[in-house]
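Structure first, then comments.
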Amino acid sequence: MNQIVIIGSANIDITHKGDRFPNPGETLFSGNSYISLGGKGLNQSVAASRLNKEKNVKFIGSVGDDGFGDKIKNDLLNESLDISDLKTINDDMTGNAIIYIDSENNNQISVYPGANSRNGSTEVQVFSEILDSISIVMLQQEIPIETNYKILKIARSKNITTILDPGPPNKEFKNFPNYLEFVDFITPNKHEAEFILGKKITGNELKAAKEIKNMGPKNVIITLGVDGIVFAGEENGKLPSYKVDSIDPVGSGDCFNGAFATKINENSSFKSSLDYAQYAASISTLKLGACESFPKFTELDKGFNRLKKTSN
């Protein structure tokens, strides 16, 4: 019973990099463009699989019967990842995202969910049939909130650890008053945390994490990019980010989640799991693309252990 299961989105990302974001009605030339795999579910699956020594990560999701879907399935065959329940649907296209990155490495993303919106009763049934093998389930909000709610509820009844990335923000979670109560670890960025709270966070992110903790989840981890993370729950505190010469931040939050799940699954402490996840996320920004940039445990562990030894 030690499998990490991710139920979520699978996308194709089309990324443009330029000096700044285009204004409404404006056309800008980008300095670079590339196509890569994406979707929070897919990204977190690849991150967890690459950092998992036991190769016990399963991804459940949906793609369309199109070229994008074919690319996703073919590319994932090169990962040590169980995709036997990645289904193909015929009446919608594969989810996709348009990503803009400016010269300061800020990003804006527009997502068409496509086949991801069809994750529902089939995925809940698949999950229900393999409960005895699962130790952690990871969810995001690029699939229907109702599907997440059902899975979270089942997971809690079986004492399966739950990790929820509440992105993108979705007001439908309010239709399920105890949605957050079934979450062991919730990992919003600052924008998502503000959405959950219904107000701006002005200077005290740790207080905000504690306020979200009072809404139901056992642990809250707010990711703040170059400003590190704050966390409330089993422990309360803040960790700085690792300073690197970042070239592409897209997917770093997903890398964080995949790395954190891997370490929690290895029974590492909460704080050391957070530290490792921070390091993984920072390393992922050194290459272009989302999951293409994610490190493998063979390279990451060596650098992380060397860094820790030097800093002690």
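The values are calculated or read from the model by the stated rules, or taken from the named source; none is laboratory data. Bear in mind the structure is a predicted one, so any value in this text is a computation, not a measurement. Positions of Cβ are backbone-derived with ideal geometry, glycine not excepted, and every protein chain shown enters the neighbour counts.
Kindly establish whether ILE143 is modelled with pLDDT of 95 or more, outside any loop (DSSP other than H, G, I, E, B) and within 22 Å of HIS191 (Cβ to Cβ). Don't jump to the end; show me each part of the working.
Values: modelled with pLDDT of 95 or more: yes; outside any loop (DSSP other than H, G, I, E, B): no; within 22 Å of HIS191 (Cβ to Cβ): yes.
Answer is no for this residue.
Working only within region 1-21, note down all residues that are exposed (fewer than 14 other Cβ atoms within 10 Å of the Cβ) and either farther than 23 Å from ILE264 by Cβ or modelled with pLDDT of 95 or more (or both).
Correct list: ASP19, ARG20.
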Any idea how many residues of region 146-179 are surrounded by fewer than 21 Cβ atoms within 10 Å (Cβ to Cβ) and assigned to a helix (DSSP H, G or I)? 12
If SER246 passes every condition in (1) farther than 27 Å from ALA209 by Cα; (2) modelled with pLDDT under 85 but one, which one does it miss? (1)
Which numbered condition in (1) among the basic types (Lys, Arg); (2) closer than 19 Å to GLU123 by Cβ; (3) at pLDDT below 95 is the only one that LYS174 fails? (2)
Scan region 118-140 residue by residue and report those that are touching a Leu at 6+ places or on another chain (Cβ under 8 Å) and among the polar types (S, T, N, Q). GLN140
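Among the residues of region 262-297, count how many are under 16 Å from ASP245 (Cβ atoms) and either modelled with pLDDT of 95 or more or of a type in the set (S, T, N, Q) (or both). Full working, then the answer.
Here is the first cut: in region 262-297, the ones under 16 Å from ASP245 (Cβ atoms) are 279, 281-288, 293, 295.
From what's left, either modelled with pLDDT of 95 or more or of a type in the set (S, T, N, Q) (or both): 282, 284-285, 293.
The total comes to 4.
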Considering only residues that are assigned to a loop (DSSP other than H, G, I, E, B), modelled with pLDDT of 95 or more and surrounded by fewer than 17 Cβ atoms within 10 Å (Cβ to Cβ), which ones fall in region 67-89? SER84
Cβ contacts < 8 Å: first residue free of Cβ contacts under 8 Å to residues at least 24 places away in the same chain, restricted to region 34-46; second residue of a type in the set (Ser, Thr, Tyr), any location; separation 6+ or different chain. Result? ILE35/THR15
